[in-house]
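Novice: First, the structure itself, so that you have it in front of you.
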Amino acid sequence: MANIITLKNVNKIYGSAVKTQVLFDTNLSFEEGSFNSIIGQSGSGKSTLLNIIGTLDKPTSGEVYINSQRTDGMSKNALAALRNKTIGFIFQFHYLLPEFTAIENILIPYMMNNPKPPKEIIERAEEFMKMVGIYDVKDNLASNMSGGQQQRTAIARALINNPKIILADEPTGNLDSSSAENIYTILREINQKFNTTFIIITHDLRIAQKTDRIIEIKDGRINTYNDTVML
């Protein structure tokens, strides 16, 4: 299967007077429809890597390709359009708007370009809510939902534009073990049903070991041993 994400010789350096290199000559690719995890200690470069893949940050040098488009030289407007169309994000802190209902939060990515979602988009949002098990709280304010319900809302929000790629940064980090297992099951179901490519940063080895591929990053360098043998 073709690669949907490719990084070539990516380096990332922060600072000017005092420089700190976070990623070193990173070469990495992800097949379309694959289900991947990235592990590593805090400060190893995991989140920086995910931000560069997600076009939220640019490499200091090197090349990044998303769905065959080179992104590291794109303008801010072009990157925003690519993200909105191609990439869904799920974070440890769900970043829901507390004054909005669950379904309103889910519709926000679509409404960024289309202020009045048509009936079929609202129905799509409701279908995703049923899929992740929160349809019965669709009209609840985000502030009136449990942590697990809020995270499920964030998952549905990531799906609303039918992205080819979902990037998840510690999506189960604030949940108990039972809720974490449920979230993993939902993510895997989405992967299999829609052929969505997943890249998940996690400290939970139980979750990582259930993915198809584990990539370890250590001190800004990809551990190719784990990348190769833990498929």
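Novice: Give me the number: length gained by fully extending Ile108 to Tyr135, i.e. 0.36 nm times residue separation minus the C-alpha to C-alpha distance, one decimal in nm.
Specialist: 8.0 nm
Novice: Give, in nm to one decimal, the length gained when the segment between Arg206 and Ser68 is fully stretched (0.36 nm per residue of separation minus the Cα-Cα distance). Don't skip to the answer; put the middle values down first.
Specialist: Numbers: separation 138, 0.36 × 138 = 49.68 nm, distance 3.24 nm.
Net length gain for the segment: 46.4 nm.
Novice: Using Cα atoms only, what is the angle between the long axis of helix 76-86 and the major principal axis of the chain, expressed in degrees (0 to 90) to the nearest 10?
Specialist: The angle comes out at about 60 degrees.
Novice: Compute the angle between helix 119-132 and the longest alpha-carbon principal axis of the chain, please, reported from 0 to 90 degrees and rounded to the nearest 10.
Specialist: For 119-132 against the chain, the angle is about 70 degrees.
Novice: Got a sec? Charge dipole of the chain, +1 on Cβ for Lys and Arg, -1 for Asp and Glu; which of Leu50, Ser61, Asn191 is way out at the positive end?
Specialist: Going by the Cα projections, it comes out as Ser61.
Novice: Tell me, how many Å apart are the Cα centres for region 17-64 and for region 133-163?
Specialist: Taking the Cα centre of each part, region 17-64 and region 133-163 sit 28 Å apart.
Novice: Express the carbon and sulfur contribution to the solvent-accessible surface of the chain as a percent, rounded to the nearest whole number, probe 1.4 angstrom. Don't skip to the answer; put the middle values down first.
Specialist: Working: 5520 of 11300 Å².
Taking all protein chains in place, the chain shows 49 percent carbon and sulfur surface.
Novice: Quick check for me: using +1 on Lys/Arg Cβ and -1 on Asp/Glu Cβ, what's the dipole size of the chain about its Cα centre, in debye to the nearest 20?
Specialist: 520 debye
Novice: Same structure, new question: Calculate for the chain the 222 nm mean residue ellipticity that helices alone would give, adding -39,500 (n - 2.57) per DSSP H run of length 4 or more and normalising by residue count, nearest 500 deg cm²/dmol.
Specialist: Numbers: 8 runs with 84 residues, N = 231.
Here the helix-only value at 222 nm equals -11000 deg cm²/dmol.
Novice: Over the chain, with a single point scatterer placed on each C-alpha, what log10 of the ratio I(q)/I(0) does the Debye formula yield at q = 0.09, 0.17 1/Å?
Specialist: For the requested q values the scattering log ratios are -0.37, -1.27.
Novice: What residue among Ser61, Ser75, Ser179 shows peak mean-square fluctuation when the chain is described by a Gaussian network model with Cα springs under 10 Å?
Specialist: Ser75
Novice: Select from Gln151, Ala180, Ile4 the residue farthest towards the positive end of the dipole of the chain; place +1 on Cβ of Lys and Arg, -1 on Cβ of Asp and Glu, and compute about the Cα centre.
Specialist: Highest projection toward the positive end goes to Ile4.
Novice: Select from Glu216, Glu104, Glu189 the residue whose mean-square fluctuation is largest in a Gaussian network model of the chain (Cα-Cα springs shorter than 10 Å).
Specialist: With Cα springs under 10 Å in the chain, the top fluctuation among Glu216, Glu104, Glu189 is at Glu189.
Novice: While we're on this one: Give, rounded to the nearest 20 debye, the magnitude of the charge dipole that region 47-176 has about its Cα centre when Lys and Arg contribute +1 at Cβ and Asp and Glu contribute -1 at Cβ.
Specialist: Numbers: 13 positive and 14 negative charges, 93 e Å.
Using only the charged Cβ atoms, the result is roughly 440 debye.
Novice: For a quick check, take a GNM of the chain with Cα springs below 10 Å and name the residue from Asn51, Asn114, Asn67 with the largest mean-square fluctuation.
Specialist: Asn114
Novice: Using a probe radius of 1.4 Å on heavy atoms only, what accessible surface per residue do you get for region 65-187? Whole Å² is fine.
Specialist: Numbers: 6010 Å² over 123 residues.
That works out to 49 Å² per residue.
Novice: A further question on this structure: If one takes the longest principal axis of the Cα atoms in the chain, at what angle in degrees, from 0 to 90 and to the nearest 10, does the Cα axis of helix 177-194 lie?
Specialist: Once rounded, the angle reads 90 degrees.
Novice: At a Förster distance of 22 Å, what's the computed FRET efficiency of Glu32 paired with Asn162, Cβ-Cβ distance as r, to 0.05? Don't skip to the end; give the middle numbers.
Specialist: Values: r = 14 Å, r/R0 = 0.64.
FRET efficiency, Glu32 to Asn162: 0.95.
The values are calculated or read from the model by the stated rules, or taken from the named source; none is laboratory data. Just so you know, these numbers come straight off a predicted model, no measurement behind them. Every residue, glycine as well, gets a Cβ built from its backbone with ideal geometry; the counts of neighbours run over all protein chains shown. The accessibility values were calculated without ligands, DNA or RNA, using every heavy atom of the protein model including side chains. Shrake-Rupley method; radii C 1.70, N 1.55, O 1.52, S 1.80 Å.
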